[in-house]
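The values are calculated or read from the model by the stated rules, or taken from the named source; none is laboratory data. What you are looking at is a predicted structure, and each value in this text was computed from that prediction instead of being measured. A quick note on method: Cβ atoms are made from the backbone with ideal geometry, for glycine too, and the neighbour counts reach across all protein chains shown. Please note that ligands, DNA and RNA were not included when accessible areas were found on the heavy atoms of the full protein model with its side chains. Shrake-Rupley method; radii C 1.70, N 1.55, O 1.52, S 1.80 Å.
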Amino acid sequence: MRIVLLGPPGAGKGTQAARVACRFDAPHVATGDIFRANVAEGTELGRAAQEYMDRGDLVPDDVVIAMVMERLAERDCQSGFVLDGFPRTVNQAEALDRQLVKLGTPLEAALSFDVTEEELLRRLAGRAAAQHRADDAEQTIRHRLEVFAIKTRPLIDYYRHRRLLTMVDGVGRVDEVTLRILGGLPSANGGRDPALALVG
Ligand code: ADP
């Protein structure tokens, strides 16, 4: 399964991406995690990304696109992947399409998480307290939500036009949201009850 997850910060993409990846036995490729690991290791990529991340801005497209294309070329991504946090701009989505068309392995689904802004702010404030992520400070959170609205939200229409979009209600218990997702992906459970897909 080749799938991308879209949604504002705090929508639960990371949590659900890990579960969907596990279900499909596919790698979970999370650009935010890759950047944070590079920042922690002090790599050149980490140094290039850090100032943008700390401000809550997007890392420039050329940096992100090169990084993701390299990751998708690795062997474990050949039979599928769950992309979490990429694409975040139309430019990134077009680069991904071009690459996948070239490989003859087009994207199969784009999941978009729907969560009210009030709930997002509540969750992000909780995460800031629990994880001390620099970009979860309140002002930065508001900025990240704006960046999402301007740069990333247009991707919902982008994937709708390509008939790849599935909207997911992201409010509810983690397990409930996972069931909604798997229930909405036709090949997730081989036609079985989606509840079984989680345990089977
Ligand atoms: P979020 O909680 O906002 O979903 P992530 O962990 O996915 O956060 O990403 C953290 C930060 O990493 C972003 O705010 C951004 O600076 C950078 N980043 C991650 N993915 C991308 C991308 N596709 N394009 C540009 N910047 C990105």
(request) Output the number of residues of the stretch 39-66 satisfying the condition of being more than 9 Å from the ligand (Cβ to nearest atom) and in contact (Cβ under 8 Å) with a residue 24 or more places away in the chain. (result) 0
(request) Report whether or not residue 71 is among the charged types (D, E, K, R), part of a helix (DSSP H, G or I), surrounded by 15 or more Cβ atoms within 10 Å (Cβ to Cβ) and in contact (Cβ under 8 Å) with a residue 60 or more places away in the chain. (result) no
(message) Against the definition (touching a residue at least 40 places away in the same chain (Cβ under 8 Å), polar (S, T, N, Q) and open to solvent by 10 Å² or more (accessible area, probe 1.4 Å)), how does residue 31 come out, yes or no?
(response) no
(message) Every residue in the stretch 23-38 that is outside any helix (DSSP H, G or I) and either near the ligand (Cβ under 10 Å from one of its atoms) or closer than 16 Å to residue 69 by Cα (or both), please.
(response) 27, 28, 29, 30
(request) Would you check which residues across the stretch 36-47 are in contact with a Phe, Trp or Tyr (Cβ under 9 Å, 6 or more places away or on another chain) and either open to solvent by 40 Å² or more (accessible area, probe 1.4 Å) or among the aromatic types (Phe, Trp, Tyr) (or both) and list them? (result) 45
(request) Would you please name the residue that is farthest from the chain's Cα centre (by Cα), looking only at residues in the stretch 77-98 that are open to solvent by 40 Å² or more (accessible area, probe 1.4 Å) and modelled with pLDDT of 95 or more? (result) 98
(request) Determine whether the stretch 146-163 contains at least one residue that is over 16 Å from the mean Cα position of the chain (by Cα) and buried (at least 18 other Cβ atoms within 10 Å of the Cβ). (result) no
(request) For residue 20, state whether it is closer than 23 Å to residue 123 by Cα, more than 7 Å from the ligand (Cβ to nearest atom), open to solvent by less than 20 Å² (accessible area, probe 1.4 Å) and not in a helix (DSSP H, G or I). (result) no
(request) Would you check if residue 119 is surrounded by fewer than 18 Cβ atoms within 10 Å (Cβ to Cβ), over 18 Å from the mean Cα position of the chain (by Cα), more than 10 Å from the ligand (Cβ to nearest atom) and modelled with pLDDT of 95 or more? (result) no
(request) Being of a type in the set (A, V, I, L, M, F, W, C) and within 29 Å of residue 62 (Cα to Cα) narrows it down to one of 110, 125, so name that one. (result) 110
(request) Filter the stretch 184-200 down to residues that are crowded, with 16+ Cβ neighbours inside 10 Å and either out of contact with any helix residue (DSSP H, G or I) (no Cβ under 7 Å at 6 or more places or on another chain) or modelled with pLDDT of 60 or more (or both), then give me how many there are. (result) 1
